[in-house]
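J.: My questions all concern the structure below.
The values are calculated or read from the model by the stated rules, or taken from the named source; none is laboratory data. Predicted model only: the values in this text are computed from it and were never measured. All Cβ positions, even for glycine, are placed from backbone atoms using ideal geometry, and neighbour counts span all protein chains on display.
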Amino acid sequence: MADERQKLDKATLGISEGIPLQVSEGGIDELRKDIQRLMDIEAIKQLKYAYFRCVDTANLEELADLIHEDVAVSFVGGTYEWKLNGKKEYMDNISVSFSKQSVGQHNGHHPEIQMLSETEATGMWYLADNMWILNHKAKTFGTSLYWDRYEKVDGKWLIKETSYERLYEMNEVLEELPSISSHYLATHGSEPQF
């Protein structure tokens, strides 16, 4: 597989330099645009943080509000590959992945947000995650590099494209189930489909 892997740099991932983060030399209107750009970057960070929270808590209603209708998804792991188009297909797949028999922990950090225009942006994120599928006695953990495209629709930032590729992935078959003293998805996850 190593020979098939793409180089994970900005050029290969289609991430171009955005609008420079520097103070404009103009008047108050230019300053307002500068401040709006910073507010948009913060809104995109909050969007992605909410995404990870909603995934790990199987909060599908809030998650759906973060995703563009025409979202394109490409997730490449060591043992799987998801290629999905459209919000419905994505939400259907997420809903079965975070079941009452799963425990998920996804932390996205180190955002690199590039504003392309007032309504378009890209972002790169570093993901560290753990995922247990209890009814299969399986644990997957590792890191990934995410790259996203965002679109501002009716004043709200949405995830238009989201992709990741694993930097590393480790899979374990558990001899026995972990002793879990708190398991949120046992109550709020979907019924297991696999």
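J.: Output the qualifying pairs, or none if there are none: Cβ atoms under 9 angstrom, residues six or more apart or on different chains, first residue in the stretch 95-117 and closer than 19 Å to GLU151 by Cα and modelled with pLDDT of 95 or more, second residue assigned to a strand (DSSP E or B) and of a type in the set (S, T, N, Q).
T.: Once the first residue is closer than 19 Å to GLU151 by Cα and modelled with pLDDT of 95 or more and sits in the stretch 95-117, its partners that are assigned to a strand (DSSP E or B) and of a type in the set (S, T, N, Q) give GLU112/THR122; ILE113/THR122; GLN114/THR122; MET115/THR122; LEU116/THR122.
J.: So which residues in the stretch 1-22 are surrounded by 10 or more Cβ atoms within 10 Å (Cβ to Cβ) and more than 30 Å from GLY78 (Cα to Cα), if there are any at all?
T.: The answer is GLY18, ILE19, LEU21.
J.: Here is a further query. Among the residues of the stretch 51-73, how many are farther than 19 Å from GLN105 by Cα, free of Cβ contacts under 8 Å to residues at least 40 places away in the same chain and crowded, with 20+ Cβ neighbours inside 10 Å?
T.: Residues in the stretch 51-73 being farther than 19 Å from GLN105 by Cα, free of Cβ contacts under 8 Å to residues at least 40 places away in the same chain and crowded, with 20+ Cβ neighbours inside 10 Å: 0 in total.
J.: Just give me the residues in the stretch 75-101 being loosely packed, with under 15 Cβ neighbours inside 10 Å and not charged (D, E, K, R), in sequence order.
T.: Result: GLY78, THR79, TYR80, ASN85, ASN93, VAL96.
J.: Residue under question is PHE52, and the condition is that it be outside any helix (DSSP H, G or I), aromatic (Phe, Trp, Tyr) and closer than 30 Å to GLN193 by Cα; does it hold?
T.: Numbers: outside any helix (DSSP H, G or I): no; aromatic (Phe, Trp, Tyr): yes; closer than 30 Å to GLN193 by Cα: yes.
For PHE52, the condition - outside any helix (DSSP H, G or I), aromatic (Phe, Trp, Tyr) and closer than 30 Å to GLN193 by Cα - is not met.
J.: I'd like to verify a number: residues in the stretch 55-88 that are of a type in the set (S, T, N, Q), at pLDDT 95 or above and either under 14 Å from the mean Cα position of the chain (by Cα) or part of a loop (DSSP other than H, G, I, E, B) (or both), how many?
T.: Total satisfying the criteria: 3.
J.: Please indicate, with yes or no, whether at least one residue in the stretch 168-186 is surrounded by 14 or more Cβ atoms within 10 Å (Cβ to Cβ) and within 17 Å of the chain's Cα centre (by Cα).
T.: Yes; the residues of the stretch 168-186 include at least one that is surrounded by 14 or more Cβ atoms within 10 Å (Cβ to Cβ) and within 17 Å of the chain's Cα centre (by Cα).
J.: Same structure, new question: Of all the strands (runs of 3 or more DSSP E) wholly in the stretch 115-191, which have at least 1 residues that are among the polar types (S, T, N, Q) and touching a helix residue (DSSP H, G or I) at 6+ places or on another chain (Cβ under 9 Å)?
T.: Values: elements: 120-133, 138-153, 156-173.
Where strands (runs of 3 or more DSSP E) fall fully within the stretch 115-191 and carry at least 1 residues being among the polar types (S, T, N, Q) and touching a helix residue (DSSP H, G or I) at 6+ places or on another chain (Cβ under 9 Å), they are 120-133, 156-173.
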